[in-house]
Every structure is written in structure tokens, then in C-alpha cells.
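Below is one structure, written out as C-alpha cells, with a few remarks after it.
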Amino acid sequence: MTLATHHHLFIASDGTSAAATPGARTLLLLHGTGGDETSLVKLGRMLDAGANVLAVRGNVMEGTMPRFFRRLGEGVFDTSDMIARAHALADWLDAAQQQYGISPASLVAVGYSNGANIAAAMMYLRPQALRHAVLLRAMSVFRTREHPAPQADLSHARVLLASCRNDPITPARDAHGLALSLQERGANVTLTLDDGDHALTQQAVTAARDFVLATPVA
């Protein structure tokens, strides 16, 4: 598997090495619609200044905006495309972990909006790919009878869902539904709700930092 399928940025915790620093977390940063591999680096440093960073750009274009999978409209996913791209990203992640010497146990996914949704899809479809995930402004990713959520074993998984009460894109009820679905599959889920809209709030950032710093480093 080549890493050329996704533009990405790797930064070791010391800022210079070509491989992950042993004993440090690695943050997998997955941007929202229109972002790129640089969009969440500042946030990643706020969450854990001593972490390695692996930031990925989605390889689907919606006009001029990168995404991780196609959609048919606002909140209407092309689920078949999402499934295929989630598997492809999981394969890419396997190769990246080998390339950069990243321990899977040290990996924490941090996804925002579309990036959070592809991370959630990976958890359902490839349960061993992600053990720890911060899902910022995520929504239920399996939304049709034709594509029900897989019955994955997520008993190993820790998930933070940071959502908000006034989000017109990912409503709070949708966040509750995603949390329940992940819990039914065994995941340890923390759901936080703030009074913001789809943009990140300080409350969401603080919750994400607390979650990340509580993640054990193997």
C-alpha cells in the first residue's frame, strides 16, 4: 500500500525526526470539509504538545473542497462511497504506521465534522484500526435501511463525542444516537454538549484535551 493516495503531514514530537518518538502519543488529525492536512495541527498541539502528528487530507473533491467521502447533499451521505473510502483509509493508516514507526496503541484519532464522520465509519468497519477517538461535531454515519450500522465489537474502544445543542448541521439528537449506537457495540463513550454551533468552542477543546491526556501511551 502506497502512502501517495492521501496527501499528509507527519511531525514527530521533537519536530525533526522522520519516525514517531517512542513513548509519545500520535494524533491522527482528520479535517472537516474544505480543510487540508494543516487545518488541525494547531488544535493537535493544544491537545497534546508532546504528541507525534499524522495529519491527512481527504482525497475526494466537492468543488474545490477536500473531503473524506462523497455526499449527495447536506447531511446526506453517499454511504457506499463512505464505506469504500473508510476501508481505503484504514489500509493507508496501516501503511503509515509501518512507515513512521507508530504504535497502534499510541494512536488517537481527532476528527472534526467530515473527518469525525470518516473516523466513526472506520470504527464500525475496521474495529481494530482505531482504539481511541475524539469525534468533534460528528453525526450518525449509517443512516439508511440499505446500510445499517455493522455489528462491530468495540469493547476495546474509547470515544469522546463533543457536540453542541445549537448545531444546525449535526443536531444534538443525532449525537445522542451515535453515542448509543457505539455504546451498544461495547465502546466506552463520553458525550459532551455545549451551547455553541458547528464551530469548536473552548469547552469542546478542553474536553478533547482531557480525553487525549488520559489516553495511555503503550
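A search for C-beta distances below 6 Å between a residue of segment 124-146 that is assigned to a loop (DSSP other than H, G, I, E, B) and any residue that is crowded, with 22+ Cβ neighbours inside 10 Å and of a type in the set (G, A, S), counting only pairs 6+ apart in sequence or on different chains, returns L130/A109; R137/S113; A138/A116; A138/A120; V141/A120; V141/A121. If only residues of segment 83-116 that are open to solvent by 30 Å² or more (accessible area, probe 1.4 Å) and without any contact (Cβ under 8 Å) to a residue 60 or more places away in the chain are counted, the one that is nearest to L29 (Cα to Cα) is P104. Close Cβ contacts (under 7 Å, 6 or more residues apart or on different chains) running from residues in segment 177-204 that are over 16 Å from M139 (Cα atoms) to residues that are assigned to a strand (DSSP E or B) and among the acidic types (D, E) comprise T201/D194; Q203/D194.
What's the total number of residues in segment 51-82 that are open to solvent by 40 Å² or more (accessible area, probe 1.4 Å) and either modelled with pLDDT under 95 or out of contact with any Gly (no Cβ under 6 Å at 6 or more places or on another chain) (or both)? Number of matching residues: 12. Among the residues of segment 163-218, count how many are touching a strand residue (DSSP E or B) at 6+ places or on another chain (Cβ under 8 Å), β-branched (V, I, T) and assigned to a loop (DSSP other than H, G, I, E, B). Adding up the residues that qualify gives 3. L154 satisfies every condition listed in (1) free of Cβ contacts under 8 Å to residues at least 40 places away in the same chain; (2) open to solvent by 10 Å² or more (accessible area, probe 1.4 Å) except (2). Answer yes or no: is there a residue in segment 157-168 that is open to solvent by 10 Å² or more (accessible area, probe 1.4 Å), of a type outside the set (V, I, T) and within 18 Å of the chain's Cα centre (by Cα). Yes.
The values are calculated or read from the model by the stated rules, or taken from the named source; none is laboratory data. Just so we're clear, the structure is a prediction, and the values are computed from it rather than from any experiment. Note: ideal-geometry Cβ built from the backbone for every residue, glycine included; neighbour counts use all protein chains shown. Ligands, DNA and RNA are excluded from the accessible area calculation, which covers all protein heavy atoms including side chains. Shrake-Rupley method; radii C 1.70, N 1.55, O 1.52, S 1.80 Å.
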